[in-house]
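Have a look at the structure below before the remarks.
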């Protein structure tokens, strides 16, 4: 097979997107009678797309978002308590530009974390900076950072990202230092950056988690101002899925099924 003479030059210039599709585009240009500028434009589009994909992959890895929890993979039929139109509107990420918060509240297994990460992925696609952590993990990392010298750098990132996703708020008790750190994050990001919180605790259960009435009042006042509060009701679709799988297995192994 002949090697196109442009390939070594494209690789030397680190234009791998163009190098990967050069042969394909050359055949396309010949078959469709494209001129030199049209052929070159196609190659440039390929290179730009590859670079965009590379940047998205790096931002995704740095963000902590789960790339498998895309909005397209969310089963709205299995989660009837989720208002699809509201989620679709939030997926535009206009709320991030407006520095608004999103609070997703509901029982375990109704899809809060999936939706939180899905909105994070939509923000990443739009070139926004995102950081996603479980609440306790982030507070533990900040605490450990005080000892290993990374606290200032991590806190700066927490405060400066466009969208901060705190998953599973209230799942575990907060330490005194953790409560103070969480309040500081909420106060510093107020009207400067969006926070998305998921929690399986009812909203009225949030104040006692701060173990300080004044701190709780100040934090929740900032969180809920300019916020989209979404309460998801319904049964865990993970449990529903397991029951369906168990029923399918039972039916497939029944004597009637085996005799067919």
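The values are calculated or read from the model by the stated rules, or taken from the named source; none is laboratory data. Note that the coordinates shown come from a computational prediction; the quantities given were computed from them, not determined experimentally. Ideal geometry is used to build each Cβ from the backbone, glycine not excepted, and the neighbour counts take in all protein chains shown.
A few points about this structure:
- Any chance residue 33 is out of contact with any helix residue (DSSP H, G or I) (no Cβ under 6 Å at 6 or more places or on another chain), more than 30 Å from residue 230 (Cβ to Cβ) and not assigned by TED's automatic domain parsing to the domain that holds residue 128: yes
- Single condition residue 74 does not satisfy, out of (1) at pLDDT below 95; (2) buried (at least 22 other Cβ atoms within 10 Å of the Cβ); (3) under 16 Å from the mean Cα position of the chain (by Cα): (2)
- Looking only at residues in the stretch 145-157 that are under 24 Å from residue 59 (Cβ atoms) and part of a helix (DSSP H, G or I), the one that is nearest to the chain's Cα centre (by Cα) is 157.
- Checked against the criterion of being surrounded by 15 or more Cβ atoms within 10 Å (Cβ to Cβ), part of a strand (DSSP E or B) and in contact with a helix residue (DSSP H, G or I) (Cβ under 9 Å, 6 or more places away or on another chain), the stretch 167-189 has at least one qualifying residue.
- Residues in the stretch 193-204 include none that are buried (at least 18 other Cβ atoms within 10 Å of the Cβ), part of a helix (DSSP H, G or I) and either free of Cβ contacts under 8 Å to residues at least 40 places away in the same chain or outside the structural domain of residue 133 (by TED's automatic domain parsing) (or both).
- Some residue of the stretch 132-151 being in contact with a helix residue (DSSP H, G or I) (Cβ under 6 Å, 6 or more places away or on another chain), closer than 21 Å to residue 97 by Cα and assigned by TED's automatic domain parsing to the domain that holds residue 106: yes
- Verdict on residue 137 being more than 23 Å from residue 204 (Cβ to Cβ), in contact (Cβ under 8 Å) with a residue 12 or more places away in the chain and assigned to a helix (DSSP H, G or I): no
- Qualifying residue in the stretch 65-86 (condition: under 19 Å from residue 162 (Cβ atoms), in contact with a helix residue (DSSP H, G or I) (Cβ under 6 Å, 6 or more places away or on another chain) and assigned to a helix (DSSP H, G or I)): yes
- Every condition in (1) touching a helix residue (DSSP H, G or I) at 6+ places or on another chain (Cβ under 6 Å); (2) in a helix (DSSP H, G or I) is met by residue 104 except one, and the failing one is (2).
- Candidates 115, 155, filtered to the one that is surrounded by fewer than 20 Cβ atoms within 10 Å (Cβ to Cβ) and in contact with a helix residue (DSSP H, G or I) (Cβ under 9 Å, 6 or more places away or on another chain): 155
- Filtered by the rule that a residue be closer than 12 Å to residue 219 by Cβ and more than 22 Å from the chain's Cα centre (by Cα), the stretch 158-187 gives 174, 179, 180, 181, 183, 184, 187.
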